[in-house]
Amino acid sequence: QALLCGVIVMRPEDPLIFLEEKIKEIMEKGLDSGLWYMCIDPSLRTNLKRIAETYLSAIFGLDVEQLVTTELCTKAFDFYSRNLKKFYFRGWIKYHLQRKSNRKKTEQKMALAAVHYKFRKIRIIIEKWNSWAQIHKEKNTLATRRLQQIFNKITLKAVLKAWHAEACSSLKTKAYFESLIKKGPEGSFVSSENLSYQSVKCKASHLPEEALLQIFRYVNLVDLARCAQVSQTWMLLTQNSSIWSDVSKIISFKVLFQFYQNFLDKWAACLLGTPRSNSGRIFQPTILCECKNLQDLNLSECQGLNDDSMRLISEGCPSLLYLNLSYTDITNGTLRLLSRSFPNLQYLSLAHCRKFTDKGLQYLGCGRGCHKLIYLDLSGCVQVSVDGFRNIANGCSRIQNLLINDMPTLTDRCIQALAEKCEQIMSVVFLDSPHLSDTTFRALAECKLVKVSIEGNNRITDLSFKLMSKCCPYIRHIHMVDCQKITDAGLKMIAPLKYILILNLADCIRIGDGGIKPFVEGSSGATLRELNLNNCVRVTDASVTEIAQRCHNLTYLNLRYCENVTDTGLEALGNMSSLISIDISGTNISDMGLGALGCSGKIKEISISECQNISDTGIQKFCQDSKHLESCHVSYCPQLTDETVKALAFHCHRLTSVSIAGCPKMTDLCMGYLAAACRYLHFLDISGCIRLTDKALKYLWKGCKQLHILKMLYCRNITKQAVLKYTARLEKREHNDGDPPPWLGYDRNGNTLTFPRSRSYKL
């Protein structure tokens with residue numbers, strides 16, 4: 001200290017020599033006499049005086065005796081001791097806390113180490129188990145494949161054996177019928193040996209005869225006549241009875257009546273069924289008088305069909321099993337003929353026949369009667385009263401399927417009268433019958449119902465569901481549409497049922513999460529295949545998520561106009577591998593939800609009409625994963641452009657049905673995309689696409705050879721000349737060049753209108 005002070009104050013020219021001299025002085029005088037200023041020149045020292053006791057006494061006003069006393073020393077010592085103890089105690093506390101903290105950290109590290117060790121051990125075990133499972137899975141797959149091969153061989157042998165027996169029988173039958181149409185020179189029939197196909201086999205035909213027969217079944221009448229002129233072999237094949245077993249092959253307004261008569265003269269014995277008749281067609285009963293083996297006869301909407309016509313048919317067709325007389329003018333006389341002439345009749349349709357009465361229904365049970373009747377359709381027969389249904393029950397107690405639609409006069413008493421003796425009823429359909437109530441289901445309690453369909457009824461309540469739950473344990477199909485009094489409580493009641501496959505609750509606006517969640521959690525949730533919640537506005541993402549988790553076999557789901565369904569619900573549906581068809585029109589989904597929905601890659605049909613929050617990006621994400629898509633409806637989405645159709649065409653080559661109605665931004669370019677890639681397209685709706693021109697039809701005419709139905713309403717830039725030129729081969733087309741109506745939401749130039757359009761209108 002003294003040396004440094006000297007160097008700092010004196011600032012010698014050579015500090016080392018200065019320090020050496022001063023060190024020698026200190027060594028001579030000794031360290032005891034060393035002061036801090038001893039190396040400083042006296043002239044540079046400060047004049048300081050030592051404070052003596054006298055100065056202290058003067059400062060504090062104390063006497064000499066009072067300055068240093070025993071009490072003061074004791075207090076000073078105590079004060080010093082306490083401060084020292086505090087200092088060391090605080091240090092000890094700090095040390096103890098630090099040690100405790102270190103111990104706690106060590107314990108945490110050990111716990112983490114133990115968890116890490118445990119998970120590592122589990123991972124090793126799982127990896128070994130996984131490898132073992134993979135090995136056994138491969139073994140099981142190999143064994144299953146071998147068993148399947150063995151089973152296929154056994155099945156193939158059985159099929160070939162049965163086919164061989166059937167082929168031999170068919171050859172004998174074919175030879176018999178050929179002998180009927182080909183006579184020898186003396187009027188005798190030619191033997192089957194001489195009519196063998198091998199004798200007239202054409203060398204140019206390389207296909208087997210069985211394959212040619214299968215092909216000829218799909219050929220229309222004109223082409224079939226042309227095929228008959230190719231060779232003798234083809235001529236005989238075109239006259240095979242299996243091709244002409246359905247009269248639809250020749251029913252056509254372009255075919256002359258004489259040809260029709262000639263055909264029946266030759267093949268009446270082979271005729272088994274007739275097709276649906278055309279509306280307004282004048283029926284000639286004489287042409288069916290010789291069809292002894294006719295089993296299925298459809299005379300729906302035939303003008304001129306009356307009791308006399310049915311008398312001729314009854315004499316010539318005693319083997320009828322299926323008879324459709326809907327929309328005809330038959331009376332009680334025809335019903336009397338049915339009971340006399342068709343004792344084996346099983347299916348009968350009298351829909352919208354207004355000229356018979358309750359007395360006519362009484363004939364069905366008289367005499368030989370139609371006691372084997374299992375299917376009856378009385379839709380629109382408003383003249384039938386309670387007595388008529390009682391007559392049906394007395395004569396036809398084996399009825400299993402009952403169809404009564406469009407009958408506002410149908411009441412609970414009618415069903416009660418019918419159900420008294422018809423205890424085998426399994427299926428009932430009462431569409432647009434508003435006067436039925438829960439009493440109907442109470443009357444049907446003894447019947448083991450499998451299918452129930454009711455629509456447009458405000459008197460059916462949850463009590464009907466309660467009766468189903470108790471009395472119909474095997475019910476599979478429930479169709480309750482627009483039944484306003486059905487609530488969540490009713491769904492909870494049918495939750496224990498085990499075999500429900502189809503559930504339709506469309507327009508039941510009181511259905512919500514409180515009923516859907518308990519139902520899908522019930523016994524039928526895992527087996528449910530079709531679920532329709534159209535316009536059930538109380539259904540939210542919670543129900544949709546529960547459906548995705550529980551309904552593993554669901555193939556069809558309708559959430560149309562469920563406004564509370566968002567992307568969250570669709571993300572859950574994206575994990576369903578069974579879902580094939582879905583309708584999410586009018587929901588609040590966006591591109592994110594639509595992209596998540598396509599992750600399953602199994603969807604074949606989708607409808608996303610009136611979804612204002614989706615864009616071309618969402619459609620592109622969905623299409624990238626939906627290679628199997630066959631039907632896509634994106635109608636009334638004015639924000640979509642050609643990029644949407646481009647994504648559909650490039651990614652979904654199996655499309656058969658597309659609707660872009662109400663999309664004003666679509667141009668001819670999008671039709672070019674469809675025509676280039678979608679060769680299987682059957683149905684297309686471009687109504688309201690105001691930017692499309694004749695060029696779009698030219699694209700479709702060149703590329704979409706299989707297009708059958710084309711709708712072009714409100715396409716003002718497509719001319720009638722182009723429609724006639726490019727759509728002549730279509731089965732059905734609709735076109736007008738008017739301006740788009742206001743409900744589409746935009747004007748003739750594509751500008752958005754301010755007022756909202758109605759969502760209930762269907763183009």
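The values are calculated or read from the model by the stated rules, or taken from the named source; none is laboratory data. Here the structure is a predicted model, which is why all the values come from computation and not from measurement. Because the Cβ atoms are built from the backbone with ideal geometry, glycine has one as well, and the counts that use them run over all protein chains shown. Accessible surface is based on the protein model in full, side chains and every heavy atom, while ligands, DNA and RNA are left aside. Shrake-Rupley method; radii C 1.70, N 1.55, O 1.52, S 1.80 Å.
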Distance in nm between pseudo-label sites at K172 and K359 (7 Å out along the Cβ direction from Cα): 5.2 nm
Computed accessible area, R145, all protein chains, 1.4 angstrom probe, square angstrom: 130 Å²
Residue-level accessible surface for H479, protein heavy atoms, 1.4 Å, Å²: 30 Å²
Ranking by accessible area, most exposed first, for M38, M493 with a 1.4 Å probe: M493, M38
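Taking the Cβ of L84 as the center, what net charge do the other residues with Cβ under 13 Å away carry, scoring Lys and Arg +1 and Asp and Glu -1?
Numbers: positive: R82, K85, K86, R90; negative: D78.
With Lys, Arg at +1 and Asp, Glu at -1, the net is +3.
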Label-point separation, S577 to Q108 (7 Å along Cα→Cβ), nm: 4.4 nm
Percent accessible area from carbon and sulfur atoms, segment 574-748, protein chains only, probe 1.4 Å: 50 percent
Proximal lysines relative to K75, as straight alpha-carbon distance under 26 Å, when same-chain residues fewer than 8 apart are discounted: K85, K86
Euclidean distance of C-alpha centroids, segment 539-578 and segment 85-151, integer Å: 37 Å
Backbone N under 20 Å from the K448 label point (7 Å along Cα→Cβ), restricted to segment 465-484: 467-478
Net lengthening on full extension, A162/Y37 (0.36 nm per residue, minus Cα-Cα): 31.8 nm
By average C-beta atoms within 10 angstrom, highest first, the peptides 480-488, 700-708, 586-594, 109-117: 586-594, 480-488, 700-708, 109-117
Cβ-Cβ FRET estimate between Q484 and L221, R0 fixed at 41 Å, reported to 0.05: 0.20
Computed E for K705/H653 - FRET, C-beta separation, R0 25 angstrom, nearest 0.05: 0.95
Accessible area (Å², per residue) of segment 307-426, counting only protein heavy atoms and a probe of 1.4 Å: 39 Å²
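Express in nm, to one decimal, how much length is gained between Q624 and V537 on full extension, taking 0.36 nm for each residue of separation and deducting their alpha carbon distance.
Working: separation 87, 0.36 × 87 = 31.32 nm, distance 3.07 nm.
Separation in residues times 0.36 nm, less the Cα-Cα distance, equals 28.2 nm.
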Per residue solvent-accessible surface (Å²) - segment 574-748, probe of 1.4 Å: 39 Å²
Simple spin-label estimate for K470 and A2 in nanometres, 7 Å along Cα-Cβ: 12.1 nm
V382-L207 FRET efficiency (beta carbon distance; Förster radius 41 Å; 0.05 resolution): 0.15
Cα-Cα P(r), segment 574-748, percent of pairs per 10 Å interval: 11, 42, 34, 12, 1
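Could you work out how much longer the chain between E521 and D78 gets when fully extended? Use 0.36 nm per residue separation minus the Cα distance between them, nm to one decimal. Can you show the working numbers first?
Values: separation 443, 0.36 × 443 = 159.48 nm, distance 8.18 nm.
Length difference between fully extended and current span is 151.3 nm.
What is the packing order of peptides 85-92, 354-361, 19-26, taking the mean over residues of other C-beta atoms within 10 Å and listing the highest first? Don't jump to the answer; show the numbers that get you there.
Values: 85-92: 10.0, 354-361: 19.1, 19-26: 13.1.
Highest mean packing first, the order is 354-361, 19-26, 85-92.
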